[in-house]
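The values are calculated or read from the model by the stated rules, or taken from the named source; none is laboratory data. Everything quoted here is computed from the prediction, not taken from an experiment. FYI the Cβ positions are ideal-geometry reconstructions off the backbone, even for glycines, and counts take in every protein chain you see.
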Amino acid sequence: TPLFYAVSNNRDSVMEILLDSGASLQAQDVLGKTPLCVAAEKKVEAPLRLLLQRGADPNAQDTLGRSPLHWAASKGYSKGIKILCENHADLNLQDQYKRTPLLTTAAAGSYESVKILLS
């Protein structure tokens with residue numbers, strides 16, 4: 001959808017227009033990822049913050065049970081992890097393989113992200 005494109009390309013002004021025009025924060029791609037999951041995966045801070053400010057669910061899970069926090073953790077996106085945690089992302093959500101965001105970021109080798117999740 002246009003919102004996924006705007007998020008992926010860090011186009012927050014376009015996102016504002018789309019959201020003001022009724023674009024869904026809960027839209028899902030073929031893998032069940034929401035725009036917030038994509039923002040976490042692509043490591044784009046402005047879209048991540050905007051989607052959360054507009055009410056995106058920080059605990060929405062894709063078809064494999066991955067939340068935005070799992071996506072940020074898998075990319076070692078420590079800033080995104082901090083932002084999601086500040087917005088009540090559930091640290092204990094498990095994906096279909098029973099992996100939490102902490103296990104995901106440890107597997108990715110991101111020491112900084114592990115520290116944030118443990119604090």
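Here are the numbers for the structure shown:
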{"read-out": "Exclusive hit being in a helix (DSSP H, G or I), over 12 Å from the mean Cα position of the chain (by Cα) and of a type in the set (A, V, I, L, M), set LEU36, LEU19", "value": "LEU19"}
{"read-out": "Test: ASP12 is farther than 18 Å from ASP95 by Cα and at pLDDT below 95", "value": "yes"}
{"read-out": "Matching residues in segment 53-75 - criterion: being over 24 Å from MET15 (Cβ atoms) and touching a helix residue (DSSP H, G or I) at 6+ places or on another chain (Cβ under 8 Å)", "value": "none"}
{"read-out": "Scan of segment 75-119 for residues that are farther than 22 Å from PRO35 by Cα, of a type in the set (Ser, Thr, Tyr) and not in a helix (DSSP H, G or I), ordered by number", "value": "TYR97, SER110, SER119"}
{"read-out": "Every residue from segment 66-96 that is surrounded by fewer than 22 Cβ atoms within 10 Å (Cβ to Cβ) and closer than 20 Å to GLN28 by Cβ", "value": "SER74, LYS75, ASN87, ASP90, LEU93, GLN94, ASP95, GLN96"}
{"read-out": "THR63 among the hydroxyl-bearing types (Ser, Thr, Tyr), surrounded by 14 or more Cβ atoms within 10 Å (Cβ to Cβ) and modelled with pLDDT of 95 or more", "value": "no"}
{"read-out": "Given (1) at positive phi; (2) at pLDDT 95 or above, index of the condition ILE81 fails", "value": "(1)"}
